[in-house]
Amino acid sequence: MSVLSGAAKNSNKERKNKMALIQLKKDVNLTLSTEMALLTGYVARLWTGGGMGAFVITSARDGAHMEGSKHYSGNAVDIRTKAWLKPDGLHKEEVSVFVKSLRARAGAFGLDVHLHPEDDIRLKLRQRPAHLHLEYDPQEGEQLWEFVR
Ligand SMILES: [Zn+2]
């Protein structure tokens, strides 16, 4: 057996022990726009690669959301963060750092990031349970792709 085939065998074994890139809460409707699908994969890779644990989508084009929500057009997903909550119901520092980094990296691609409850301005509108809301909502000058020759 060559060294190479041994390495290949090992990496196959490692792959088997890893979970999927994305985990879906049962009954999630993952019918997303192309833009949101691309961004979701991008964020999932950053989340898992950044040691944030499982990337669990708890809602996409399903569930009850605010009127006018991007969820209804397949342009938003909610990510579970309960593993990162402090006893006061707010997120640990790691999540704030992740969100800040994500905004810096992907804001220019049209990705909006809302952390609940921290980003809920009015207390009575605070969304429970705590979660990370990602949506594709490009503003002027933001773009996810461009055409090239
Ligand atoms: Zn949401």
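We did not get these values from a lab; they are worked out from the coordinates using the rules stated. As the structure is a prediction and not an experimental result, all values here were calculated from the model. Positions of Cβ are generated from backbone atoms using ideal geometry, with glycine treated the same way; all protein chains shown enter the neighbour counts.
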The orientation-averaged projected area of the Cα convex hull of the stretch 40-112, in nm², is 5.5
With charges only on Cβ, +1 for K and R and -1 for D and E, what is the dipole size of the stretch 27-80 about its Cα centre, in debye, rounded to 20?
180
Which value in nm describes the separation of the simple spin-label points at Lys82 and Leu21, placed 7 Å from the Cα toward the beta carbon?
2.6
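What percent do you get for the relative contact order of the stretch 43-128 when only Cα pairs under 8 Å and 6+ apart count?
Reported relative contact order: 18 percent.
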Selected from Thr40, Val148, Pro138, residue furthest toward positive end of dipole (the stretch 17-149; charges at beta carbon)
Thr40
